[in-house]
Amino acid sequence: GCSGTASSSAPQPSPTSPSAPPAPAYRLRATTVQAVPPIDRFGWLPMITIAGDGRVVVAGPQIAIYPGPLLPNQQARAITDRGFTKIVELARKLGMLSGSGDFVPPDARPGASLGRVEIVVEGVVHDLRGDPSRVIVCVTTPCDPAPGTPEAFGTFWSSLTDLSWLGGDLGPEAPYVADAYAVLTGVEPVDDPAIRPGLAVWPLEGSLATFGKPIGSDPEPRCRTVLGADAGALRPSFESANQLTRWVDEGGDPADATALLVRPMVPGEDVCRELFGLSE
């Protein structure tokens, strides 16, 4: 037998209405959501993203040194259309693609860390939320969760954490190089009296003091998305910086150096807008 709750009355996700915005540039994105200040979630990378160009992007092993690199280690691999279809078929089997999309269990702790999966099926965005840890405990097999339950969501989330079950529909891993970055300037610097922070020159035109838009009523911190040629110009400096690096304008006073955070993005993401409601 199997233990675990499996209420047949769990709500189901409903298709996007005809007036909804167009589908994002990713086919699937799984993220962690929690009631914490947006600035604290700036560095939270998606658990997995399947971009529209057929790449699966995940967080790779992080270098166990301090201070760590400014940019996180991300890995990408190709997925076939057949592989994505298998994911959609699993979602459908588990009851993820019909109803309200709310699979949060009724006994979830207030403020608990939950999971969100956005999946695009035939141009329709299904926005699913639930508890990734809510899985049934198998005593004997078969042990399948009832479709449309919190445990079905937990099973679907677990299947996304390791796509090895797709076999040959996944290509080899390679480092992911982002085409765009969200940059948060004027953040509270990390101080370590035992390590002198390095100094880097900001390679773009204009002053760091006016880069981006304030995320609140204070002049700092400020957030801005960089892409295209600007992203290419910043990438070498980002790749050589670490978490303690301070940044200063060309010819500026090192005493005015500031700290910043950088979030690599996949196609379809807009971190400054999603977290802080900012637009270019």
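The values are calculated or read from the model by the stated rules, or taken from the named source; none is laboratory data. Every value quoted in this text rests on a predicted model; they were computed, and no experiment measured them. In this analysis, Cβ positions are derived from the backbone assuming ideal geometry, glycine residues included, and neighbour counts consider all displayed protein chains. Only protein heavy atoms, including side chains, enter the accessible area calculation; ligands, DNA and RNA are left aside. Shrake-Rupley method; radii C 1.70, N 1.55, O 1.52, S 1.80 Å.
Observations on the model:
- Using a probe of 1.4 angstrom and keeping all protein chains present, the accessible surface of the chain works out to 51 square angstrom per residue.
- The relative contact order of region 96-216 comes to 18 percent, based on Cα pairs under 8 Å that sit 6 or more residues apart.
- Convex hull volume of region 121-265 per residue (C-alpha atoms, cubic angstrom): 235 Å³
- Only Lys, Arg, Asp and Glu carry charge here, each on its Cβ (+1 for the first two, -1 for the last two); on that basis the chain has a dipole of about 700 debye about its Cα centre.
- For the chain, with all protein chains in place and a probe radius of 1.4 Å, 54% of the accessible heavy-atom surface sits on carbon or sulfur.
- Residues Cys272, Cys138, ordered by accessible area of protein heavy atoms at a 1.4 angstrom probe radius and largest first, appear as Cys138, Cys272.
- Among 78-84, 167-173, 45-51, 124-130, sorting by the average number of other beta carbon atoms lying within 10 angstrom of each residue, highest first, gives 45-51, 124-130, 78-84, 167-173.
- The mean sequence distance of close C-alpha pairs (under 8 Å, at least 6 residues apart), as a share of the length of the chain, puts its relative contact order at 24 percent.
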